[in-house]
Amino acid sequence: MAGRTARLVLLAGAAALASGSQGDREPVYRDCVHRCEERNCSGGALRHFRSRQPIYMSLAGWTCQDDCKYECMWVTVGLYLKEGHKVPQFHGKWPFSRFLFFQEPASAMASFLNGLASLVMLCRYYTSVPASSPMYPTCVAFAWLSER
């Protein structure tokens, strides 16, 4: 019973420490996001945002709220640099410039290549291992789940 209580206390302490990244907690960032979403992400302003948003951005799932967070991230980074501070993290990640709809193109490319390698190996598995093998369905299911 005491061990369980100790674990709960440790878990509660860890949850209290995990309050987000420095940039997320910055009042300038939070106010900027709030104002941007109020101004741009409802009613006619939202229709205007959608009409000027490139098609590849909407197909990739970028929303008005995402765009506000992205723009406000750079406003906050600019203020940090202007004041001589280090660049903070936002949502657990370092700020990266967006290329097309990728905010982290190198990471996206690595993920794509990883998925491609998994698919190639799954195709090799299909051709070289008989479907009657005992672990065949398990390995195929694992391969499909790990690609997602």
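The values are calculated or read from the model by the stated rules, or taken from the named source; none is laboratory data. Note that the structure is predicted; figures quoted are calculated from it, not measured. Ideal geometry is used to build each Cβ from the backbone, glycine not excepted, and the neighbour counts take in all protein chains shown. In case anyone asks, the SASA skips ligands and DNA or RNA and just uses the protein heavy atoms, side chains included. Shrake-Rupley method; radii C 1.70, N 1.55, O 1.52, S 1.80 Å.
Annotations
- Total formal charge among the other residues, if their Cβ is under 13 angstrom from that of CYS68, Lys/Arg +1 and Asp/Glu -1: -2
- Isotropically averaged projected area of segment 24-88, using the convex hull of Cα atoms (one quarter of hull area), nm²: 4.9 nm²
- Solvent-accessible area, 1.4 Å probe, carbon plus sulfur percent, for segment 49-148: 66 percent
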